1. What does the accessible area of SER65 come to, in Å² to the nearest 10, when a probe of 1.4 Å is used?
2. Taking all protein chains together and a probe of 1.4 Å, list LYS92, LYS172 from the most accessible to the least accessible.
3. Can you give the accessible area of THR5 in Å² (nearest 10), computed on protein heavy atoms with a 1.4 Å probe?
4. Just to check I understand the Karplus step: with θ = phi - 60° and J = 6.51 cos²θ - 1.76 cosθ + 1.60, what whole-Hz values come out for the range 250-262, glycine and proline as x?
5. Setting aside same-chain residues fewer than 8 positions from LYS101, which lysines have a Cα under 21 Å from its Cα?
6. If amide hydrogens are placed 1.01 Å from N in the peptide plane, which non-local residues have theirs closer than 5 Å to the one on GLU164?
Amino acid sequence: MDGSTGSERAFRVGLKIARRRGFALRLVGTFLRPVMTDSSYVPLMNQYLDTVVNEIQEMLRGYASQAEEAGVRTTTRALVGDPGGTLVDESKSARVAVVGKRGRNRFAGRFLGSVSAHLAAHAHCPTLVVPEEWESDTSSELQAPAQQLAHGDDAADEPLSLIEESKPRAHKRRVFANVSDQLNFDSEVVVGVDLGTKADEMLRVAGEAAHMVNRPLALVSASPLNADGHWGPNPVEHNIEIPNLRRPYIEQLQESAHYMSEQFPDLTARWQFFDGTPAGVLSEASRTAELIIIGTRGHGGFPGLLLGSVSQAVLNRAVCPVLVVPTPKH
């Protein structure tokens, strides 16, 4: 908590999670100590630190009072130190960490700032990043919020196409004037299925999250299958090889859907495989989805190490909440 509108939204979301799951709430306020090079400023620095800590404690007490009025047991912690490192330490004993998002930018790391990026990358528990809220200006022609593309503000939409899916959507959804039917994930929890990653923990968390918000699941995987930059001039070889390339993705999606049906028999789950970049597909999905769930480790369809390129891009570009789940390599 830092008193910003972003942390206010994070508090509201965290309070809802705590109430629905029966968790206690932990509110943390921290800030970096300014660097002073003149010893004459030491007395002023001590006064400044005391004042700031007192203000943080007062802010946290106000939020704690709201939480306890809602029936949620709450503790607070105010201190001087590295905010990112402090929250990572707190995550060791947490079920979920919730943090606000300061804005969107295509340049990796700029929007999140060091705190959100550091927490999402290193947390010991799932981290929920809550972005700015958005609402449509009209109810007759819904417009999903735009998300900035990785290769520039003036670039055309990324080439994304649906290759295969398990079944069409069974639930009712809104229609957006600026969103294609295949990329409309209205009222769904979207999970990025990472090829070659042991995803049982992420799927379990996804099932619990979908149950909590009472929304169906959409399992999504993607890989660029187009010829541009990947194939030679022989279209026959290209067409023959595509089924072999997409087979492991389809098999993993099917296995993930089977796991969900066994673990959460009352939950509706479907899957889709796209020709396109994983970051592009998930970022586009965030324009209409209820929630995006991704892992921090992986390779193949969702490449990257600790908060790698895909996770970073999705966090930077997403316009809905993103839940980042630590996932070990297979």
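1. Looks like 50 Å² after rounding.
2. On the way: LYS92 135, LYS172 190 Å².
Order by accessible area, largest first: LYS172, LYS92.
3. Its accessible surface works out to 100 Å², give or take rounding.
4. 5, 4, 5, 4, 5, 4, 5, 5, 5, 4, 5, 5, 6
5. Cα-Cα hits under 21 Å: LYS16.
6. PHE273
The values are calculated or read from the model by the stated rules, or taken from the named source; none is laboratory data. All figures in this text were calculated on a predicted structure; none of them were measured in a lab. Quick note on the areas: whole protein, heavy atoms, side chains included, nothing else; ligands and nucleic acids left out. Shrake-Rupley method; radii C 1.70, N 1.55, O 1.52, S 1.80 Å.
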